[in-house]
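Shown next, in structure tokens, is the structure this report addresses.
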Amino acid sequence: MQKVVKRNILGYKNNESKSQRAPFHSTAGSLWTDGAQERLDPQRFHVPALIKPVLSRLWRSVAIVVAIAALNFIIVHMAPGDVADVMAGESGAASPEYLADLKQRFGLDQPLIVQFFVYMGRMAQFDLGYSFRFGRPVASLIFERLPATLILAIPTLMLAFVMGSVLGVVASRRVGTWRDAAISVGALVFYATPLFWIGLMLIILFGVKLGWLPTGGMQTIGANYTGFAYVLDVGRHMILPVVTLSLFYMAYYARLMRASMLEVFGQDFIATARSKGLSEGRVAYRHVLRNALLPVVTVLGLQVAHLLGGTVLVETVFGWPGLGRLAFDSVLSRDVNLLLGILLMSSILVVSTNIAVEALYRWLDPRIGAA
Amino acid sequence: MAPLLDVRDLTTHFFTQKGAFAAVDKVSFSVNAGETMALVGESGCGKSVTAASILRLVPDPPGRITGGEIIFEGRDLLSLTMREMRKVRGGRIGMIFQEPMTSLNPVFTIGDQITESLREHRSISRADAERRAIELLDLVRIPDARRQIHNYPHRLSGGMRQRAMIAMALACDPALLIADEPTTALDVTTQAQILELLDELKRSLGMAILLITHDLGVVAEYAQSVLVMYAGRGVEAAKVEDLFHSPIHPYTRGLLGALPHPDDDVDSEGRPLPLNEISGMVPALDAMPAGCRFEPRCSYAVPACKMTDVRLAPLAEGVRSAACLRAADIVQDQP
């Protein structure tokens, strides 16, 4: 009896230290900051302290991806109509026999529950199926389009994060001055303006009026550039869509960074840093910035999903042959296999980004995990 | 010999939407080398703002030092450029704060935060700085210093963090340590340990301490001289023995009278008596009386107190002063 009680007390103590360690930003809706890693005791496990939480997270991620796949299937099938209806409709005068034939060929005549298990079984074997619309395997369609979206999304995120942070830092260090006011108002404007409108205005200004940049597409049609010239050509085509997409996120990060910096400036340890005789620059960039980055990094992870949604708009406005437009087309044509494949792909992207963000977080904040 | 720190008529205003308020109003005191001087008073009396003003750390806006002189080692700190001031901060004057839990940066190791100060003020190699950091942690009795310098603050208890803060403040051998309520956030046992440590360090390193506290017990135990503050002003300055033996200002008398004596404060049947208190409240910053600020709560008050803006004035004996019109009468009344 005595032993049991002791263990309980120890267990309680462990919990206590866990709650002390939990930092204020761990509540920001991340899937990854609760439980698991705090239970780790490096002395008890032989697995290196940094590998273990990643592994456990990986298992959870797989479960999440499976759940998302199932949910996708259910939601997509709740919408009326299927690819056979659309194709039959497009062909003009389709007879009921033709429709029934299409349905049978695509396996759409099976009960939904059977379709569901067939689908989940195929997913387990990484078989994304066949796009009836394009007449090609979904996997090859996705991998053909994915690079285009990535060269749009990654520079966007980097540009937005770096520029947004810089603007936020500048505003916070000059709070209340015209510089702060200009940045804050600018951020508010771009945060509130719809993406597609900014895109169109930029096309009109830089593409049509000034003629400096191409108005759409990913490369100059018919130019057949190779090597460095090709890279340069794609680069020129990238500028407008990347700027359009990043303005919104830049505005968001600038606002967030400013608020976060100001909050950290008010902390006790900043007074300590000043009392050591450090210059204001050193206080801001060494002591404030690193702490202020934490909530911004959290949001960065969460926004990857949001960004994939944003690419749909921008790819449509700029005629960019990426995954976003493919997804949009697949919705309109009820190309269920393709849509589900893209959704699955996106969920894997988002989940793996979150794991990367978590790793970054551990590096930035020693209070998290077994650091 | 000139005192190490001589604060004369220091005035610090806070500029708010309701107007400008003097949180510190013409406060004067001095600290001699090797001595512990206590600033004592209740919350909001301006003692922490006074401490922050000495290092010019009052956040601006809303606060600004609007008058007076702070002579430290022969120079007026208020006339120094920012660059010169930064050499004083952490170099000649160290400071420790009330909240050890939040006064250390959570994302840097203890060692990083100590060596940062050393490398700011001295041209010293990384390895030497680290060696010095270990020495300092040994000095403040943090066990296993060699390992602790690689630890992050969240791994340390409150008492240990305050020790680490002290090590940081002492890194460059300051002549003066400002301790702003260094033990308020700690439990009683740890409080005593930290104060003992500070007292020992003061003796062994020969530095002076400006101790900000609201705890008269701490003042009696560790300080040599004391300034009592009330509503932004100094009301009584004296050697510690004099102050406790024969308090003059009615506020000081009220404070000492409010100290509980659990063994004596009983009625004839052994039941505890109610605790003594000073009736009334500290006036709000925007509703300060024109005359003596303690007058509304004072049992010695005479009509003249309402009119006279009475300031700290030396008494006949010369070593002590009080800001009270009736100081002479009170001295005579004393047994």
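Would you check which residues across the stretch B:84-104 are assigned to a loop (DSSP other than H, G, I, E, B), out of contact with any strand residue (DSSP E or B) (no Cβ under 8 Å at 6 or more places or on another chain) and facing another protein chain (nearest Cβ under 7 Å) and list them?
So in the stretch B:84-104, the residues assigned to a loop (DSSP other than H, G, I, E, B) come out as B:90-92, B:97-104.
Subset that is out of contact with any strand residue (DSSP E or B) (no Cβ under 8 Å at 6 or more places or on another chain): B:90-91, B:99-102, B:104.
Across the stretch B:84-104, the qualifying residues are B:Gly90, B:Gly91, B:Glu99, B:Thr102, B:Leu104.
Each row is one residue, and each column tells you yes or no for (1) touching a His at 6+ places or on another chain (Cβ under 6 Å); (2) outside any strand (DSSP E or B); (3) touching a residue at least 40 places away in the same chain (Cβ under 8 Å); (4) more than 25 Å from B:Arg89 (Cβ to Cβ).
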| residue | (1), (2), (3), (4) |
| --- | --- |
| B:His154 | no, yes, yes, yes |
| B:Ala169 | no, yes, yes, no |
| B:Asp173 | no, yes, no, no |
| B:Ile178 | no, no, yes, no |
| B:Pro182 | no, yes, yes, no |
| B:Gln191 | no, yes, no, yes |
| B:Glu196 | no, yes, no, yes |
| B:Asp242 | no, yes, yes, yes |
| B:Tyr251 | no, yes, yes, yes |
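Give the stretch A:252-280 a look and list any residue that's more than 14 Å from every other protein chain (Cβ to nearest Cβ) and surrounded by fewer than 24 Cβ atoms within 10 Å (Cβ to Cβ), or say none. Give the steps one after another, and end with the answer.
To start, the set of residues in the stretch A:252-280 that are more than 14 Å from every other protein chain (Cβ to nearest Cβ) comprises A:252-259, A:261.
Within the stretch A:252-280, A:Tyr252, A:Arg255, A:Leu256, A:Ala259 meet the criteria.
A quick yes/no check of all residues on (1) surrounded by fewer than 19 Cβ atoms within 10 Å (Cβ to Cβ); (2) in contact (Cβ under 8 Å) with a residue 40 or more places away in the chain:
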{"residue": "B:Leu5", "(1), (2)": "no, yes"}
{"residue": "B:Ala20", "(1), (2)": "yes, no"}
{"residue": "B:Ser30", "(1), (2)": "yes, no"}
{"residue": "B:Gly44", "(1), (2)": "yes, yes"}
{"residue": "B:Ser48", "(1), (2)": "no, yes"}
{"residue": "B:Val58", "(1), (2)": "no, yes"}
{"residue": "B:Pro62", "(1), (2)": "yes, yes"}
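Is it fair to say A:Glu97 is in contact with a Pro (Cβ under 9 Å, 6 or more places away or on another chain), without any contact (Cβ under 8 Å) to a residue 60 or more places away in the chain and in a helix (DSSP H, G or I)?
So A:Glu97 does not fit the description; no.
Looking only at the stretch B:272-302, count how many residues are in contact with a Lys or Arg (Cβ under 9 Å, 6 or more places away or on another chain), acidic (Asp, Glu) and part of a loop (DSSP other than H, G, I, E, B).
The number of residues fulfilling the criteria is 0.
Taking the conditions exactly as written (surrounded by 21 or more Cβ atoms within 10 Å (Cβ to Cβ) and farther than 17 Å from A:Ala327 by Cβ), does A:Gly199 satisfy them or not?
Details: surrounded by 21 or more Cβ atoms within 10 Å (Cβ to Cβ): yes; farther than 17 Å from A:Ala327 by Cβ: yes.
Here the answer is yes, as A:Gly199 does meet what is asked.
Step by step: first the residues of the stretch B:211-240, then only those that are among the β-branched types (Val, Ile, Thr) and part of a helix (DSSP H, G or I), then the one that is farthest from B:Leu197 (Cα to Cα). Which residue is that?
By that ranking, first place goes to B:Val240.
Find the residue count for the stretch B:105-141, including only residues that are assigned to a loop (DSSP other than H, G, I, E, B), within 11 Å of another protein chain (Cβ to nearest Cβ) and among the aliphatic types (A, V, I, L, M).
1
Taking the condition of being surrounded by fewer than 21 Cβ atoms within 10 Å (Cβ to Cβ), in contact with a Ser or Thr (Cβ under 8 Å, 6 or more places away or on another chain) and more than 18 Å from B:Asp242 (Cβ to Cβ), how many residues in the stretch B:292-324 meet it?
Summing the residues that are surrounded by fewer than 21 Cβ atoms within 10 Å (Cβ to Cβ), in contact with a Ser or Thr (Cβ under 8 Å, 6 or more places away or on another chain) and more than 18 Å from B:Asp242 (Cβ to Cβ) in the stretch B:292-324 gives 1.
Looking at the stretch B:164-171, can you tell me whether even one residue there is surrounded by fewer than 23 Cβ atoms within 10 Å (Cβ to Cβ), farther than 26 Å from B:Val7 by Cβ and small (Gly, Ala, Ser)?
No, the conditions are met nowhere in the stretch B:164-171.
Kindly indicate the residue of the stretch A:127-170 that is hydroxyl-bearing (Ser, Thr, Tyr) and farther than 30 Å from A:Val288 by Cβ and also surrounded by the fewest Cβ atoms within 10 Å (Cβ to Cβ) among those meeting that condition. Can you show your working first?
Let us first name the residues in the stretch A:127-170 that are hydroxyl-bearing (Ser, Thr, Tyr), namely A:130-131, A:140, A:149, A:156, A:165.
Retained after the next criterion (residues that are farther than 30 Å from A:Val288 by Cβ): A:130-131, A:140, A:149.
On the way: A:Tyr130: 17, A:Ser131: 24, A:Ser140: 12, A:Thr149: 28.
For the stretch A:127-170, the residue satisfying everything is A:Ser140.
Could you pull out every one of the strands (runs of 3 or more DSSP E) wholly within the stretch B:1-42 that has 3 or more residues that are within 16 Å of B:Arg311 (Cα to Cα)?
B:5-16, B:19-31
Among (1) without any contact (Cβ under 8 Å) to a residue 24 or more places away in the chain; (2) within 14 Å of chain A (Cβ to nearest Cβ), there is one condition B:Arg146 misses while meeting the rest; what is its number?
So B:Arg146 meets the others, but not (2).
Which members of the stretch A:110-126 meet the condition of being surrounded by fewer than 14 Cβ atoms within 10 Å (Cβ to Cβ) and either polar (S, T, N, Q) or outside any helix (DSSP H, G or I) (or both)?
A:Pro111, A:Gln125, A:Phe126
Under 6 Å between Cβ atoms, which residue pairs at least 6 apart in sequence (or on different chains) link something in the stretch B:253-266 that is part of a helix (DSSP H, G or I) with a partner that is among the charged types (D, E, K, R)?
Close Cβ pairs satisfying both conditions: B:Ala258/B:Glu277.
Looking only at the stretch B:13-39, how many residues end up being within 18 Å of B:Arg233 (Cα to Cα), touching a helix residue (DSSP H, G or I) at 6+ places or on another chain (Cβ under 9 Å) and either within 14 Å of another protein chain (Cβ to nearest Cβ) or at pLDDT below 90 (or both)?
7
Which one of the conditions (1) basic (Lys, Arg); (2) closer than 29 Å to A:Tyr249 by Cβ; (3) buried (at least 19 other Cβ atoms within 10 Å of the Cβ) does A:Arg60 fail to meet, given that it meets all the rest?
(3)
Are there helices (runs of 4 or more DSSP H) fully within the stretch A:210-325 with at least 1 residues that are more than 17 Å from the chain's Cα centre (by Cα) and at positive phi? List them.
The qualifying helices (runs of 4 or more DSSP H) are A:227-265.
Please work out which one of (1) away from every other protein chain (no Cβ under 13 Å); (2) in contact (Cβ under 8 Å) with a residue 60 or more places away in the chain is the condition A:Arg290 fails and give its number.
All conditions pass for A:Arg290, except number (1).
Cβ-Cβ distance below 9 Å, separation of 6 or more or different chains: which pairs start in the stretch B:295-306 with a residue that is aromatic (Phe, Trp, Tyr) and end on one that is buried (at least 17 other Cβ atoms within 10 Å of the Cβ)?
B:Tyr300/B:Pro250; B:Tyr300/B:Arg253; B:Tyr300/B:Cys324; B:Tyr300/B:Leu325; B:Tyr300/B:Arg326; B:Tyr300/B:Ile330
The values are calculated or read from the model by the stated rules, or taken from the named source; none is laboratory data. Everything quoted here is computed from the prediction, not taken from an experiment. Because the Cβ atoms are built from the backbone with ideal geometry, glycine has one as well, and the counts that use them run over all protein chains shown.
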